[in-house]
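Have a look at the structure below before the remarks.
The values are calculated or read from the model by the stated rules, or taken from the named source; none is laboratory data. Quick caveat: nothing in here was measured; it's all calculated off a predicted structure. Virtual Cβ from ideal backbone geometry, glycine too; neighbours counted across all protein chains shown. Keep in mind that these areas ignore ligands, DNA and RNA; they rest on the heavy atoms of the full protein, side chains included. Shrake-Rupley method; radii C 1.70, N 1.55, O 1.52, S 1.80 Å.
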Amino acid sequence: MKLLKQYLIPCCIILLTLFLLFIMRTIPTTKLWTGYTVLYVQKDVEYRDVINTLSGKGIQDIIYLENQNVPIAASRESPEVALSLSGAEKSQYLKKRSLYFFDKAQNYKIYYIQDKYEKEVSEVIQTLREQNILCGANAHSSYPFLSILICIVFAVLLTFNSQNKLLTGLSMVFPVLLTMSVPFYPVMSCSCLFMYGIFFSLKVWNREGAFNCLIKSRVLPGFAAGALLLVLLTSFKGFILFILVIASVLSVSYLAINIKNLMDSKYRVHFVNIRTASVMPLVGKKSTFCMLLCLASLICILLFASFSSIIHPSSKYSGTKGIMLPSASGSGSLPDTQDYVEWYWETRTYPYISVNQKRNIKPENGNTIEFTEFVNKDGLIVPEHHSVTFGPDFKKECETSAQNLSYPAIEKMLYSQGKSLHGGYVASSSQTINFLTIILLCIAVCIPVVFYYLTTKKTAKRQRLK
């Protein structure tokens, strides 16, 4: 029971946090598909009306459910196509492929349009909304890499200036991962505030009365409460993840204390800190420097957000929030090009395999199927021997076949994404920079200044009493 409490439970909290930070990550209205815009329209709208509206704006080569065929260069009368349409295939690729044309909740139909029609898509959305049709598209804004980089640099500098660099560095990992999981500007500001609070709290770590000192100083509770409030006003999911991040940071500290006590138990002499936490000065040169770093980081995030609102004052693609859309950078739950290759192998070879022979829908390199076809040559029916071998050449044939299809096939888009394709649903949430967002960021900038002033004033009062 003691082992469970001291080590297993904190480790489980840390692993759960890491898992949820990955699973619940948000892609903030960045491109879901390279070279394509995702248009989603409520599914009860007749697809012909949507296509007519798109075509009326000059948009061509639209990829949508109703214009998809069996993705193989063969006639409908061929045994390959006939068996595929019969549903005899084990892989069910054609059925799974249809998931690309709906959101995860099956409330919207999806149309894939080339990026060169970006302006026309905006006009189509406006036209559809005038008809009271729910629709939207993934916004074309950039991922906030610079703001995340600022958080990482701030965490590194705090670690470098900390007295306990290893523990500080491990604690900083979780707020930084939060900014990557929920990369919205207010969440980044809150992470910076929390990292600043961690730096302050570790100044008295492992000293007698540390917890009471931190509570009375109101530095860590104040930063945590302020950050929590700002996150809650920004995103409820971010709020839940932030609580888990706090729990993980506390778990790291708890594990560090237990490990230190375990190491000390091996020695007869134990070294302890002479000064208690209550007499340790929380404000010093390093604290001032780190406060300025925190302030600079928050100001930079505020400026990036303000600049972003100028460049993208209001997203012309904004639509229903929280929709789960298919993306090339998802969880891998949707079929990809490898699934297409396996389906292609099954489709090519199934008509020529004995019904008593076990079919392998997961072919391996070197698998070969030989068969005979009868063709008409000079008025004579003669046998013609063929063989199909699974390997690099066959995979290349699959890609070539997909690219040569006579209609806008979803397989063409999948291959255009390259080897990084992991088809799956992602939460494409809009990061609209509005007045409330700017106010929250301004409040975040004020928090370290106010708390630093209060802490400095309290320290000066304590020194006068001495």
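Assorted remarks:
- Residue within the stretch 407-427 that is in a helix (DSSP H, G or I), in contact with a strand residue (DSSP E or B) (Cβ under 8 Å, 6 or more places away or on another chain), at pLDDT 75 or above and crowded, with 20+ Cβ neighbours inside 10 Å present: yes
- Hits in the stretch 171-187 (condition: assigned to a helix (DSSP H, G or I) and either touching a His at 6+ places or on another chain (Cβ under 7 Å) or crowded, with 23+ Cβ neighbours inside 10 Å (or both)): Ser171, Met172, Phe174, Pro175, Leu178, Thr179, Tyr185, Pro186, Val187
- Scanning the stretch 365-391 for residues that are under 17 Å from Tyr344 (Cα atoms) and either free of Cβ contacts under 8 Å to residues at least 12 places away in the same chain or aromatic (Phe, Trp, Tyr) (or both) yields Phe371, Phe390.
- In the stretch 327-334 there is at least one residue that is assigned to a loop (DSSP other than H, G, I, E, B), at pLDDT 70 or above, touching a helix residue (DSSP H, G or I) at 6+ places or on another chain (Cβ under 8 Å) and surrounded by 19 or more Cβ atoms within 10 Å (Cβ to Cβ).
- Scanning the stretch 282-298 for residues that are loosely packed, with under 13 Cβ neighbours inside 10 Å, modelled with pLDDT under 75, out of contact with any Cys (no Cβ under 6 Å at 6 or more places or on another chain) and assigned to a loop (DSSP other than H, G, I, E, B) turns up at least one hit.
- The stretch 428-454, residues that are open to solvent by 50 Å² or more (accessible area, probe 1.4 Å), modelled with pLDDT under 75 and aliphatic (A, V, I, L, M): Leu436, Leu454
- Within the stretch 296-307, residues that are under 9 Å from Ser189 (Cβ atoms) and among the small types (Gly, Ala, Ser) have Cβ atoms under 6 Å from residues that are assigned to a helix (DSSP H, G or I) and open to solvent by 30 Å² or more (accessible area, probe 1.4 Å) in these pairs: Ser297/Ile150, counting only partners at least 6 apart in sequence or on another chain.
- Qualifying residue in the stretch 357-376 (condition: modelled with pLDDT of 90 or more and open to solvent by 70 Å² or more (accessible area, probe 1.4 Å)): no
- Just one residue in the set Glu77, Glu118, Glu66 is over 22 Å from Thr337 (Cβ atoms), at pLDDT below 90 and assigned to a helix (DSSP H, G or I); that residue is Glu118.
- With respect to (1) assigned to a helix (DSSP H, G or I); (2) at pLDDT below 90; (3) open to solvent by 40 Å² or more (accessible area, probe 1.4 Å), the lone exception for Glu399 is condition (2).
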